[in-house]
Amino acid sequence: MDGVNRPIMTPMVSFCDIPITRAAAHITRYGCYGIGLTKEWGKRNLVQPIAYLSQQSQFMSSIYYLLDMTLAYPEEEGFRGVHDELLERAFGLLSMVKTIKGMDFDTGEGRDFLNENEWRFVPPRFRPLYEEDYYRQRDLLDTLIKDFKLEMKPADIKYLFVKDEDDIENLFEFIQSEFQDHPRKDVSLLCTRILVTENIRIHY
């Protein structure tokens, strides 16, 4: 399965669906700054929970088989449209699954991914590419991806995470400036939703 073993680059934005009580470990891995958004916002923007699968599962085998058969499909004139459509669909499935366990590319060690409860936004009709193809077209792709911005309003935000109390004043000023055109009540409420991650580490 040569197509499966080669690295694939997929445009996406990842989120995690975890409670504050589990945030400490996540902060250690991903950093002290973040935005917590409502699920209603996620659903409106086609953010979906991914499927965690065993490498040996029937579901994963079926995806691999579909991808291999698609890559083997003739690309000559008359078939190219069908080939491209099948390839996009196969990669679309692959972009929304993750193995339960795998290698952490940051540490090179084995890792259990299941407890991340990952949700993803994958731009529609945006075909994933093999790694070498992505780097060859990177400048063009970075321009095209700008059409798929995820926008949010103050009412969509449940939490704003900052590293320590020194960050609060700057963020408060940014909120007041950035959201001038939004309802004053929503902006005021957003300023009350700032959480200091150092306090989360201590208490949870």
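Name the one entry in 175, 202 that is of a type in the set (A, V, I, L, M) and either touching a Pro at 6+ places or on another chain (Cβ under 6 Å) or touching a residue at least 12 places away in the same chain (Cβ under 8 Å) (or both).
Numbers: 202 fails: either touching a Pro at 6+ places or on another chain (Cβ under 6 Å) or touching a residue at least 12 places away in the same chain (Cβ under 8 Å) (or both).
On inspection, the qualifying residue turns out to be 175.
Find all pairs meeting these conditions: Cβ atoms under 7 angstrom apart; at least six residues apart or on different chains; first residue within region 124-139 and part of a strand (DSSP E or B); second residue surrounded by 12 or more Cβ atoms within 10 Å (Cβ to Cβ) and not β-branched (Val, Ile, Thr).
129/9
From the residues in region 28-47 that are within 23 Å of residue 109 (Cα to Cα) and over 16 Å from the mean Cα position of the chain (by Cα), which one is surrounded by the most Cβ atoms within 10 Å (Cβ to Cβ)?
Keep residues of region 28-47 that are within 23 Å of residue 109 (Cα to Cα), which gives 28-32.
Still in the list and also over 16 Å from the mean Cα position of the chain (by Cα): 28, 32.
Values: 28: 11, 32: 16.
Here the residue is 32.
Report yes if residue 151 is in a loop (DSSP other than H, G, I, E, B), at pLDDT 85 or above, surrounded by fewer than 11 Cβ atoms within 10 Å (Cβ to Cβ) and among the acidic types (Asp, Glu), otherwise no.
Working: in a loop (DSSP other than H, G, I, E, B): yes; at pLDDT 85 or above: yes; surrounded by fewer than 11 Cβ atoms within 10 Å (Cβ to Cβ): yes; among the acidic types (Asp, Glu): yes.
Considered against the rule, which asks whether it is in a loop (DSSP other than H, G, I, E, B), at pLDDT 85 or above, surrounded by fewer than 11 Cβ atoms within 10 Å (Cβ to Cβ) and among the acidic types (Asp, Glu), residue 151 comes out as yes.
Can you tell me which of (1) closer than 30 Å to residue 176 by Cα; (2) within 15 Å of the chain's Cα centre (by Cα); (3) in contact (Cβ under 8 Å) with a residue 24 or more places away in the chain is the one residue 149 doesn't meet?
Among (1) closer than 30 Å to residue 176 by Cα; (2) within 15 Å of the chain's Cα centre (by Cα); (3) in contact (Cβ under 8 Å) with a residue 24 or more places away in the chain, the lone unmet condition for residue 149 is (3).
Considering each residue of region 182-204, count those that are of a type in the set (Lys, Arg), within 26 Å of the chain's Cα centre (by Cα) and either farther than 24 Å from residue 24 by Cβ or part of a loop (DSSP other than H, G, I, E, B) (or both), and give that number. Write out each step before concluding.
Applying the first criterion (of a type in the set (Lys, Arg)) to region 182-204 yields 184-185, 193, 201.
Checking the rest, the ones that are also within 26 Å of the chain's Cα centre (by Cα) come to 193, 201.
Still in the list and also either farther than 24 Å from residue 24 by Cβ or part of a loop (DSSP other than H, G, I, E, B) (or both): 193.
Final tally of qualifying residues: 1.
When residues of region 48-62 are filtered for being under 14 Å from residue 102 (Cβ atoms), among the small types (Gly, Ala, Ser) and exposed (fewer than 13 other Cβ atoms within 10 Å of the Cβ), how many remain?
1
For residue 138, are the conditions met, namely being over 16 Å from the mean Cα position of the chain (by Cα) and within 30 Å of residue 23 (Cα to Cα)? Don't jump to the end; show me each part of the working.
Numbers: over 16 Å from the mean Cα position of the chain (by Cα): yes; within 30 Å of residue 23 (Cα to Cα): no.
It is false that residue 138 is over 16 Å from the mean Cα position of the chain (by Cα) and within 30 Å of residue 23 (Cα to Cα).
Residues are listed down the side, and each one gets a yes or a no for (1) of a type in the set (Val, Ile, Thr); (2) surrounded by 14 or more Cβ atoms within 10 Å (Cβ to Cβ):
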{"position": "121", "(1), (2)": "no, yes"}
{"position": "125", "(1), (2)": "no, no"}
{"position": "137", "(1), (2)": "no, no"}
{"position": "146", "(1), (2)": "no, no"}
{"position": "155", "(1), (2)": "no, yes"}
{"position": "165", "(1), (2)": "no, no"}
{"position": "168", "(1), (2)": "yes, yes"}
{"position": "189", "(1), (2)": "no, no"}
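Which one is nearest to the chain's Cα centre (by Cα), of the residues in region 89-106 that are over 25 Å from residue 19 (Cβ atoms) and not in a strand (DSSP E or B)?
95
Among the numbered criteria (1) in a helix (DSSP H, G or I); (2) modelled with pLDDT under 95; (3) more than 21 Å from residue 103 (Cα to Cα), which one does residue 40 miss?
Unmet for residue 40, out of (1) in a helix (DSSP H, G or I); (2) modelled with pLDDT under 95; (3) more than 21 Å from residue 103 (Cα to Cα): (2).
The values are calculated or read from the model by the stated rules, or taken from the named source; none is laboratory data. On a predicted model such as this, the values are computed, not experimentally measured, just so you know. Here the Cβ is made from the backbone with ideal geometry for all residues, glycine too, and neighbour counts use every protein chain on show.
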